[in-house]
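First up is the structure itself, then whatever we jot down about it.
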Amino acid sequence: MTSAYKIGRHMFLLAITELAIYSFVKGDFAMTRPPLPELVQGINPAMAYVSGALLLLSVLAFYLNRYRAAALLTIANLIFWLATSRHLFNLWRDHINGFKTLWLIGGALLILTSITEHQKYYKKVLWFNLIILFLFFVDCGIAHLRFADFVQTLIPFFIPFPLFFTYLAGVCLLAGGIGLLIPQTQKYAALLSGIQIAGWFILLHVPRALTISGDEWIGVGESLAVSGICFMLYGLLKETHSGLSSSPFSGGQ
């Protein structure tokens, strides 16, 4: 197992931890800003506290090497039932956040396939991640170009030429998404996309969260998570394409 995969896995699980903690602060399931139906309002903040605690316990169980499969399936199921399901009837207005729930689930399942009894699902889960990230990156790339005047306002003041970097980011997202579907460019697209989003995590999301606070902390966790997924994909694709091993997880967990 490559160091890139291990680093990406730590990034993803750290992001889940941060989002779980913010769920306590927000009093709702924080991931991807799901809409708040009337039914959910009646069971919050208790639902936020329970789900946040389960996420933290799941991450802890993984690192303690106890019930790892159950822990990862718990993370995936919580995201599906408390975020994806709440986006279903709102996708026409907020499809980008809806896609986020799917790659968060995909990231948990990608780690799950490193466990021996689940390795048989590796290729299917790998392609699920690649296709979802392709759709997400293309969607975000188009949004960067279409709403450039707004997106440039999100760029920190210390970065010059914000409109230029807005268009550049949009083009890079489109190229990264398309590159994930082409076998010859997959691993490079995953690596470069991971580096790009890690840069946004450091230069954009963390400073905004520290100055604006509130739901900006969701962007911190999400950017760290998707960057981690990209690094995991790079590590797995690199080892798979090398042909040196029948399984990308043969190097140990």
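The values are calculated or read from the model by the stated rules, or taken from the named source; none is laboratory data. This one's a predicted model, so the numbers in the text were calculated from it and none came from an experiment. Glycine gets a Cβ as well: all are built from the backbone with ideal geometry, and neighbour counts include every protein chain shown. Ligands, DNA and RNA are excluded from the accessible area calculation, which covers all protein heavy atoms including side chains. Shrake-Rupley method; radii C 1.70, N 1.55, O 1.52, S 1.80 Å.
Could you name the lysines whose alpha carbon sits less than 29 Å from that of residue 123, not counting residues in the same chain fewer than 8 places away?
Straight-line reach from residue 123, under 29 Å: 6, 100, 187, 238.
Using square roots of five times the C-alpha gyration tensor eigenvalues, list the equivalent-ellipsoid semi-axes of segment 1-106 in whole Å, biggest first.
24, 17, 11
Please list 211-218, 164-171, 193-200 highest first by mean number of surrounding beta-carbon atoms within 10 Å per residue.
193-200, 164-171, 211-218
Over the chain, with every protein chain in place, what whole percent of the accessible area is carbon and sulfur at 1.4 Å, could you tell me?
71 percent
As a check on your grasp of the helix formula, calculate [θ] at 222 nm for the chain: sum -39500 (n - 2.57) over DSSP H runs of n ≥ 4, divide by the residue count, round to the nearest 500.
-23500 deg cm²/dmol
From the protein chains alone at 1.4 Å, what is the descending order of accessible area for 78, 39, 192, largest first?
Descending order: 39, 192, 78.
Leaving out ligands and nucleic acids, and using a 1.4 Å probe, what accessible area per residue does segment 1-104 come to in Å²?
48 Å²
Report the rotationally averaged projected area of the chain based on its alpha-carbon convex hull, in square nanometres.
13.4 nm²
For segment 82-151, which chymotrypsin sites (Phe, Trp or Tyr not before Pro) are in a loop by DSSP, counting at most 13 other Cβ atoms within 10 Å?
Answer in residue order: 147.
Between residue 14 and residue 150, what length comes free when the chain is fully extended (0.36 nm per residue of separation minus the Cα-Cα distance, one decimal in nm)?
Extra length from residue 14 to residue 150 when fully extended: 46.0 nm.
Quick test of the membrane-span-like rule: which DSSP H helices of the chain reach at least 27 Å along their long axis (C-alpha atoms) with mean Kyte hydropathy at least 0.0?
3-26, 91-112, 122-146, 216-242
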